[in-house]
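**Q** Provided herewith is a single structure, encoded as structure tokens, for subsequent inquiry.
The values are calculated or read from the model by the stated rules, or taken from the named source; none is laboratory data. All figures in this text were calculated on a predicted structure; none of them were measured in a lab. Neighbour counts run over all protein chains shown; Cβ positions are idealised from the backbone, glycine included.
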Amino acid sequence: MSVNTKLYEGKAKILYSTEDPEIFLADFKDDATAFNAQKRGTISGKGTINCSISSKLFLELELSGIKTHYIDSPAPNQMLVKAVKILPIEVVVRNIAAGSLCQQTGLQLGTVLKRPLVEFYYKNDQLGDPLLTLERLLLLELATEEQVRLITHLALQVNDFLIGFFEGCGITLVDFKLEFGVNSQQQILLADEISPDTCRLWDATENDPNLRVMDKDRFRRDLGNVENAYQEVLQRVLKAVDANN
């Protein structure tokens, strides 16, 4: 499928149009950013790894009944996706206290939450992606009340699936970010990616708080061995998918 115009370039991906207006091509980059792009770098092979992990997880989610934008992966770092208009909301699901939740609430790192916490953040770099209340989200008309109910329900469904899937990989799913888009039929689809860039993943067999980290926190916190951690997640995901099939 031929590629036409660059539609958008973000921190982790470049999106192109194709000859089919209903299909986009996402090109995953090796660029890495943290702290609202204040920290920048490169993680060798990240684009290929994240594209591969996301492709496998999207396929598994489709099999479980959750509709996504995924179509195919024509190259190791490329993904063909259904054309959607992304809702300007980052949906974060938390199972264990970490990151900003600890900083803002005083909860101890590693505290297991009694039930998953779903949060909404305004996808706006200039404002620093602020945490939103439902009332502010509706005030800004970022989504309708019905859409918010649906994406909350879908996010919890995704969480249930991913917890079980990653448990089979020997990985604890701490928290993760999702994005959703609306297609030309006004259907909401799970979009963007699911990868060590967008998830906090801890090695379930490791107790050391630094050694257990298998996600972008290794880059954020200068823990080293970032590429090895990402590669390990990929290998475990591939092994689990093969076992399931």
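**Q** Of everything in the range 1-33 that's part of a loop (DSSP other than H, G, I, E, B) and of a type in the set (A, V, I, L, M), which residue is surrounded by the most Cβ atoms within 10 Å (Cβ to Cβ)?
**A** Ala12
**Q** Would you mind telling me which numbered condition in (1) out of contact with any Pro (no Cβ under 8 Å at 6 or more places or on another chain); (2) part of a strand (DSSP E or B); (3) not aliphatic (A, V, I, L, M) Asn36 fails?
**A** With (1) out of contact with any Pro (no Cβ under 8 Å at 6 or more places or on another chain); (2) part of a strand (DSSP E or B); (3) not aliphatic (A, V, I, L, M) applied to Asn36, the lone miss is (2).
**Q** Can you find a residue that is closer than 20 Å to Ser64 by Cα, in contact (Cβ under 8 Å) with a residue 24 or more places away in the chain, surrounded by fewer than 16 Cβ atoms within 10 Å (Cβ to Cβ) and not assigned by TED's automatic domain parsing to the domain that holds Asp72 anywhere in the range 183-190? Step through it out loud before you land on a result.
**A** The first filter runs over the range 183-190 and keeps only residues closer than 20 Å to Ser64 by Cα, leaving 187-190.
With the extra rule that they be in contact (Cβ under 8 Å) with a residue 24 or more places away in the chain, the set shrinks to 187-190.
Of the ones still in play, those that are also surrounded by fewer than 16 Cβ atoms within 10 Å (Cβ to Cβ) are 187.
With not assigned by TED's automatic domain parsing to the domain that holds Asp72 added as a condition, the list becomes 187.
Within the range 183-190 (the criterion being closer than 20 Å to Ser64 by Cα, in contact (Cβ under 8 Å) with a residue 24 or more places away in the chain, surrounded by fewer than 16 Cβ atoms within 10 Å (Cβ to Cβ) and not assigned by TED's automatic domain parsing to the domain that holds Asp72), the answer is yes, since at least one residue qualifies.
**Q** Ok, one more. Can you list residue pairs whose Cβ atoms sit under 6 Å apart, with the first residue in the range 194-216 being of a type in the set (Gly, Ala, Ser) and the second being part of a loop (DSSP other than H, G, I, E, B) and surrounded by fewer than 21 Cβ atoms within 10 Å (Cβ to Cβ)? Count only pairs 6 or more apart in sequence or on different chains.
**A** Note: pairs meeting the criteria are Ala204/Gly170.
**Q** Are there any pairs, at least 6 apart or on different chains, whose C-beta atoms fall under 9 Å, with the first in the range 138-153 and under 12 Å from Leu87 (Cα atoms) and free of Cβ contacts under 8 Å to residues at least 60 places away in the same chain and the second in a helix (DSSP H, G or I) and among the charged types (D, E, K, R), and if so, which?
**A** Leu142/Arg136
**Q** Also, I was wondering about something else. Restricting to strands (runs of 3 or more DSSP E) lying wholly in the range 73-124: which have 1 or more residues that are touching a Phe, Trp or Tyr at 6+ places or on another chain (Cβ under 8 Å), in contact (Cβ under 8 Å) with a residue 40 or more places away in the chain and of a type in the set (Val, Ile, Thr)? Please lay out each step first, then the result.
**A** Details: elements: 78-82, 89-96, 112-122.
In the range 73-124, the matching strands (runs of 3 or more DSSP E) lie at 78-82, 89-96.
**Q** Is there a residue in the range 53-69 that is closer than 25 Å to Pro209 by Cα and not basic (Lys, Arg)?
**A** Yes: one or more hits.
**Q** Looking only at the range 56-66, decide whether some residue is in the same structural domain as Pro196 (by TED's automatic domain parsing) and free of Cβ contacts under 8 Å to residues at least 40 places away in the same chain.
**A** The answer is no, given that none of the residues of the range 56-66 is in the same structural domain as Pro196 (by TED's automatic domain parsing) and free of Cβ contacts under 8 Å to residues at least 40 places away in the same chain.
**Q** Any idea which of (1) surrounded by fewer than 16 Cβ atoms within 10 Å (Cβ to Cβ); (2) over 20 Å from Tyr70 (Cβ atoms); (3) modelled with pLDDT of 95 or more is the one Asp203 doesn't satisfy?
**A** Evaluating Asp203 over (1) surrounded by fewer than 16 Cβ atoms within 10 Å (Cβ to Cβ); (2) over 20 Å from Tyr70 (Cβ atoms); (3) modelled with pLDDT of 95 or more leaves (1) as the failure.
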